[in-house]
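Since every read-out is calculated from the coordinates, none of them should be taken as a lab result. Predicted, not measured: the structure shown is a model, and the values here were computed from it. With ideal geometry, Cβ positions are generated from the backbone for all residues, glycine too; neighbour counts draw on all protein chains shown.
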Amino acid sequence: MRPLAPKPDLVMQTHDAIRIAIMSGELEPFAPLAQEELAASLGVSRQPVSHALVLLKREGLVVDRGRKGQMVAPIDADRLLALYQVRGALDGLAARLAATASTGKNCQSILNKLIKDGAFCVERREITPLVDADVAFHQAIYDLAGNAEISAMVEGCWPHMVRSMRVVLDDSDAHSGIWADHRAIADAIIAGDVNAAETMATQHASKAGEATYQRLKSL
């Protein structure tokens, strides 16, 4: 008889826990990933850790380190620039669709609340709340667009972008400008200005990608 595979939910819980630790910076780039240590830390056996690392490797968050096992993938500036270029096209489409569908007070209340939350985070100057608020703003636009495929396509980009955002947002001078862009995009969507919403969302992603690229290259 063959050994039973670990329960999928345990594998995914292990995957999610390691993924979150990588995205948050708890597990930094180039950090070695010893299966025994991860298993002990998470209170599981090595088997779900092994399966989880396979999944994370497919996502580009884990890489091999020669004969020494695996490690957290470095943050690749060129890859991030390419991801932002793709996201720019999707963000523009999402903003356009959201502006087309922006009827009633629901859209306005959602976006205004997110902008208010973002402004509060800017005042606090804490990286994790800023990153969370930024992701929440863009995901809200994907939801308002009414096209589930946009969120599905961007999902694979977020772990890499969140890691890089923590580096870029270390520069507090950038915070106000980012949320000024968000305010302008939200206003265009609420007003139903489809062309302005699309253009500004695309340009915002392009600008963020270039800033990320330059920041990563300078470090």
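Relative contact order, whole percent, for the chain stands at 28, derived from Cα pairs under 8 Å and 6 or more residues apart. Each residue of region 18-24 is assigned a 3J(HN,Hα), and the resulting list reads 5, 4, 4, 5, 6, 5, 7 Hz, derived from the Karplus form 6.51 cos²θ - 1.76 cosθ + 1.60 (θ = phi - 60°), x at Gly and Pro. Under the convention that each Lys and Arg Cβ holds +1 and each Asp and Glu Cβ holds -1, the size of the dipole of region 116-219 around its Cα centre is about 320 debye. Taking the charge dipole of region 19-133 about its Cα centre, with +1 at Lys and Arg Cβ atoms and -1 at Asp and Glu Cβ atoms, the residue from Leu130, Leu38, Gln85 reaching farthest to the positive side is Gln85. For region 146-156, the Karplus equation 6.51 cos²θ - 1.76 cosθ + 1.60, evaluated at θ = phi - 60°, returns couplings of x, 10, 5, 5, 5, 4, 5, 6, 7, 3, x Hz by residue, with Gly and Pro reported as x.
Labels on offer are (1) 29; (2) 39; (3) 34, and the one holding percent of Cα pairs over 27 Å apart computed from this structure is (2). Given the rule -39500 (n - 2.57) for each run of at least 4 DSSP H residues, summed and divided by the residues of the chain, what is its mean residue ellipticity at 222 nm, to the nearest 500 deg cm²/dmol? Mean residue ellipticity at 222 nm (helix-derived): -24500 deg cm²/dmol. How high is the relative contact order of region 142-219? Use alpha-carbon pairs under 8 Å, at least six apart in sequence, and give a whole percent. Rounded, it is 30 percent for region 142-219. Remark on Gln70: its backbone amide H falls under 5 Å from those of Leu33, Arg65, a criterion applied only to residues 5 or more positions apart or on other chains, H modelled at 1.01 Å from N. Between Ala99, Ala82, Ala205, the Gaussian network model of the chain with springs among Cα atoms under 10 angstrom shows the greatest mean-square fluctuation at Ala82. The mean sequence separation of alpha-carbon pairs under 8 Å and at least six residues apart, normalised by the residue count of region 8-72, gives a relative contact order of 41 percent. With both labels modelled 7 Å from their Cα along Cα-to-Cβ, the Lys57 to Lys207 distance reads 4.1 nm. Since only Ala184, Val54, Trp158 are under comparison, the one whose Cα sits farthest along the positive direction of the charge dipole of the chain, derived from C-beta charges on Lys, Arg, Asp and Glu, is Val54. Straight-line cross-link reach from Lys217 at under 14 Å between alpha-carbon atoms covers these aspartates and glutamates, not counting any fewer than eight positions away in the same chain: Asp76, Asp78.
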